[in-house]
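The next block holds one structure in the form of structure tokens; read it before the comments.
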Amino acid sequence: MRDRIWYMALVLGLVSVLAGLALAGVKRLTDPVIEGNLLEQAVRPALARLLGPLGIDNDALADRARIEVGRDARGRRLRVTVFRGRVGGRLVAAAMQTNGVGYGGELTVLTTFDLVKNRVSGVAVLDQRETKGLGARVAEPGHPFLRQFEGLAIDARFALDREGGEIDGLAGATITSRAVTGAVAQAATVLRARRAEIGR
């Protein structure tokens, strides 16, 4: 009887290990596909809308790089994706894809910068899971909340007005407002600190 229990425990352990390896393999295979879909369906239209007025003549989606910006509390690498906008080969704009944690989970934010004027040229929320009718409104292109960032200097204080900044939060969606503002602040910080690397 005791031998049979050990045998069943061994089989269960092996099945668990194999299932874990299979799931890890599936994740490794599907992650690039999911990222590619996000790039084509969300990032490309946002780049066209936000960088188009700056007259760029390159494919900013193709001219991208990932910059390591540190590690999180678990020791995992934190990376920011940078999309470069050029005119005649000269870098005139950059867009940064950063994240913030909202009420419903992680938000993905794209912040574009006019590097000639050293100002924010636009902000778009690419992915979010916020409450419909409240925080989810930040994903609407051209929403008044997002337009507040346009024209702010790269070294502005990106924070809600109640926290000493210049951004008026969405009514009833303070956590979402703080998450988007924090993601924009992170993008500006990375741009200021790594501008030479971004310009390559």
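The values are calculated or read from the model by the stated rules, or taken from the named source; none is laboratory data. Just so it is clear, the model here is predicted, and its values are computed rather than measured. As a convention, Cβ positions derive from the backbone with ideal geometry for all residues, glycine included, and neighbour counts pool all protein chains shown. Quick note on the areas: whole protein, heavy atoms, side chains included, nothing else; ligands and nucleic acids left out. Shrake-Rupley method; radii C 1.70, N 1.55, O 1.52, S 1.80 Å.
Is it true that Arg137 is free of Cβ contacts under 8 Å to residues at least 40 places away in the same chain, part of a loop (DSSP other than H, G, I, E, B) and under 21 Å from Ile175 (Cα atoms)? Criteria not met by Arg137.
For Arg84, which of the numbered conditions (1) open to solvent by 10 Å² or more (accessible area, probe 1.4 Å); (2) over 15 Å from Leu61 (Cβ atoms) fails to hold? Single failed check for Arg84: (2).
For region 48-63, the set of residues classified as part of a loop (DSSP other than H, G, I, E, B) and out of contact with any Gly (no Cβ under 6 Å at 6 or more places or on another chain) consists of Gly55, Asp57, Asn58, Asp59, Leu61, Ala62, Asp63, listed by residue number.
When you scan region 125-133, do you find a residue that is open to solvent by less than 40 Å² (accessible area, probe 1.4 Å), touching a strand residue (DSSP E or B) at 6+ places or on another chain (Cβ under 6 Å) and outside any loop (DSSP other than H, G, I, E, B), even just one? Looking for residues that are open to solvent by less than 40 Å² (accessible area, probe 1.4 Å), touching a strand residue (DSSP E or B) at 6+ places or on another chain (Cβ under 6 Å) and outside any loop (DSSP other than H, G, I, E, B), one finds at least one in region 125-133, hence yes. Do we find that Glu163 is at pLDDT below 85 and either on the phi < 0 side of the Ramachandran plot or in contact with a helix residue (DSSP H, G or I) (Cβ under 8 Å, 6 or more places away or on another chain) (or both) in this structure? It is false that Glu163 is at pLDDT below 85 and either on the phi < 0 side of the Ramachandran plot or in contact with a helix residue (DSSP H, G or I) (Cβ under 8 Å, 6 or more places away or on another chain) (or both). Being open to solvent by 50 Å² or more (accessible area, probe 1.4 Å) and either hydrophobic (A, V, I, L, M, F, W, C) or at pLDDT 85 or above (or both) is a property that Glu197 lacks.
If the Cβ limit is 6 Å and pairs must be 6+ apart or interchain, which residue in region 173-195 that is farther than 14 Å from Phe113 by Cα pairs with which residue that is among the charged types (D, E, K, R) and open to solvent by 10 Å² or more (accessible area, probe 1.4 Å)? Correct list of pairs: Thr176/Glu130. Of all residue pairs spaced 6 or more apart or on separate chains, none has beta-carbon atoms under 8 Å together with a first member in region 17-41 that is over 19 Å from Thr98 (Cα atoms) and modelled with pLDDT under 75 and a second member that is charged (D, E, K, R) and not in a helix (DSSP H, G or I). Reported count of residues in region 101-122, each being part of a strand (DSSP E or B) and either aromatic (Phe, Trp, Tyr) or open to solvent by 10 Å² or more (accessible area, probe 1.4 Å) (or both), is 7.
As a summary of the residue check, Gly151 satisfies the conditions (1) in a loop (DSSP other than H, G, I, E, B); (2) at pLDDT below 90; (3) open to solvent by 20 Å² or more (accessible area, probe 1.4 Å) except for the one numbered (2). With respect to being outside any loop (DSSP other than H, G, I, E, B), of a type outside the set (S, T, N, Q), closer than 25 Å to Ala65 by Cβ and within 13 Å of the chain's Cα centre (by Cα), Leu91 falls outside the description.
May I ask you to verify whether Phe145 is modelled with pLDDT of 90 or more, open to solvent by less than 50 Å² (accessible area, probe 1.4 Å), assigned to a loop (DSSP other than H, G, I, E, B) and not small (Gly, Ala, Ser)? It is false that Phe145 is modelled with pLDDT of 90 or more, open to solvent by less than 50 Å² (accessible area, probe 1.4 Å), assigned to a loop (DSSP other than H, G, I, E, B) and not small (Gly, Ala, Ser). A single entry from Arg66, Arg44, Arg74 fulfils the requirement of being basic (Lys, Arg), outside any strand (DSSP E or B), farther than 22 Å from Ala136 by Cα and open to solvent by 40 Å² or more (accessible area, probe 1.4 Å): Arg74. One residue stands out in region 160-187 among those that are outside any helix (DSSP H, G or I) and open to solvent by 10 Å² or more (accessible area, probe 1.4 Å): the one that is farthest from Ala42 (Cα to Cα), namely Gly164.
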